[in-house]
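To start, the structure under review is shown below, and the notes come after it.
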Amino acid sequence: MRKLLLGSLLSVFSGCGAGVSPELYAVVVDFFTLPDSCYLNNAQPSNVRVTDAPSLLNIQVWDGPDNTALLELESGLRTIDMGDAPTVTLTGLMKGTRGTGTWNFSSETVLKSTQVGRTLTDTTRFELNFERGQTFKGTGALSSSRACSGSTCTGTQPSCSVGGVNISGTRLQVTYERAP
């Protein structure tokens, strides 16, 4: 019964029979260098990349009720190194709302781990802001931090924020065919 129900839901969400299709986008994320503040010694390491090719993300966007949408990463960049702060991992769905002229998608992850004498809490956030259209430009923002509580915490905990990352994209034409 579960498999039948899951298959029925997938059929509805894949656009088969429901008349609802996702918008598919190819999104280019420009290369960016982390600021010195993302490193515990407030200085770039000696082996940091200062230029590199942009990254490609393939995403789906589904409309929801009340000017909301969901964004799902299909392929492309999955993790973003944030220096000494926790790595931002792109998984799951991003919730979106319509803003003034743009759509604002965001995802936040909080991970707690308990060790002897301390609890570490890693918080990461990823945002994309763009107008949904045939082609577009927009921005991205990332943040990552670690907090420590307990008797064995030492030193400064890493945190990193990067905003104004340039993105651009194209909506891909997709035709869904109904299975016989």
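The values are calculated or read from the model by the stated rules, or taken from the named source; none is laboratory data. Since we're looking at a predicted model, the values are computed, not measured. Every residue, glycine among them, receives a Cβ derived from its backbone with ideal geometry; neighbour counts consider all protein chains shown.
Taking Thr121 as meeting all but one of (1) part of a strand (DSSP E or B); (2) at pLDDT below 90, write down the number of the exception.
If we test Thr121 against (1) part of a strand (DSSP E or B); (2) at pLDDT below 90, just (2) comes out false.
Restricting to segment 97-108, count the residues that are surrounded by 17 or more Cβ atoms within 10 Å (Cβ to Cβ) and over 14 Å from Gly138 (Cα atoms).
So the count comes out to 1.
Can you tell me which residue within segment 15-39, out of those that are part of a loop (DSSP other than H, G, I, E, B) and at pLDDT 85 or above, is farthest from the chain's Cα centre (by Cα)?
Among those residues, the one meeting the criterion is Tyr39.
So, Arg171, is that one part of a strand (DSSP E or B), touching a strand residue (DSSP E or B) at 6+ places or on another chain (Cβ under 6 Å) and within 21 Å of Asp36 (Cβ to Cβ) or not?
When the stated conditions are applied, Arg171 does not pass them.
Right, Glu108: in a strand (DSSP E or B) and at pLDDT below 90 or not?
So Glu108 fails the test.
Say whether the condition of being modelled with pLDDT of 90 or more, under 23 Å from Asp30 (Cα atoms) and either in contact with a strand residue (DSSP E or B) (Cβ under 6 Å, 6 or more places away or on another chain) or in a loop (DSSP other than H, G, I, E, B) (or both) is met by at least one residue in segment 146-159.
yes
Hey, could you check segment 130-144 for residues that are among the polar types (S, T, N, Q) and surrounded by 17 or more Cβ atoms within 10 Å (Cβ to Cβ) and say which is farthest from Gln60 (Cα to Cα)?
Checking each candidate, the answer is Ser144.
How do the pairs read when you match residues in segment 47-61 that are without any contact (Cβ under 8 Å) to a residue 40 or more places away in the chain and under 23 Å from Gln134 (Cα atoms) with residues anywhere that are among the charged types (D, E, K, R) and part of a loop (DSSP other than H, G, I, E, B), using Cβ under 6 Å and keeping only pairs 6 or more apart or on different chains?
Pro54/Asp30
Filter segment 47-74 down to the residues that are assigned to a loop (DSSP other than H, G, I, E, B) and not β-branched (Val, Ile, Thr) and list them by number.
Scanning segment 47-74 gives Asn47, Arg49, Asp52, Ala53, Pro54, Gly64, Pro65, Asp66, Asn67.
Just give me the residues in segment 45-62 being out of contact with any Ser or Thr (no Cβ under 6 Å at 6 or more places or on another chain) and under 22 Å from Arg125 (Cα atoms), in sequence order.
Once the filter is applied, which keeps residues that are out of contact with any Ser or Thr (no Cβ under 6 Å at 6 or more places or on another chain) and under 22 Å from Arg125 (Cα atoms), segment 45-62 yields Pro54, Ser55, Leu56, Leu57, Ile59, Gln60, Val61, Trp62.
Out of the residues in segment 81-114 that are acidic (Asp, Glu) and out of contact with any Pro (no Cβ under 6 Å at 6 or more places or on another chain), state the one that is farthest from Ser55 (Cα to Cα).
My answer is Glu108.
Got at least one residue in segment 124-136 being over 25 Å from Asp30 (Cα atoms), without any contact (Cβ under 8 Å) to a residue 40 or more places away in the chain, outside any strand (DSSP E or B) and not β-branched (Val, Ile, Thr)?
No: segment 124-136 contains no residue that is over 25 Å from Asp30 (Cα atoms), without any contact (Cβ under 8 Å) to a residue 40 or more places away in the chain, outside any strand (DSSP E or B) and not β-branched (Val, Ile, Thr).
Being farther than 27 Å from Ala26 by Cβ, in contact with a strand residue (DSSP E or B) (Cβ under 9 Å, 6 or more places away or on another chain) and not hydrophobic (A, V, I, L, M, F, W, C), is that true of even one residue in segment 84-97?
Taking every residue of segment 84-97 in turn, at least one turns out to be farther than 27 Å from Ala26 by Cβ, in contact with a strand residue (DSSP E or B) (Cβ under 9 Å, 6 or more places away or on another chain) and not hydrophobic (A, V, I, L, M, F, W, C).
Report, by residue number, each residue of segment 64-89 that is acidic (Asp, Glu) and on the phi > 0 side of the Ramachandran plot.
The answer is Asp66, and nothing else.
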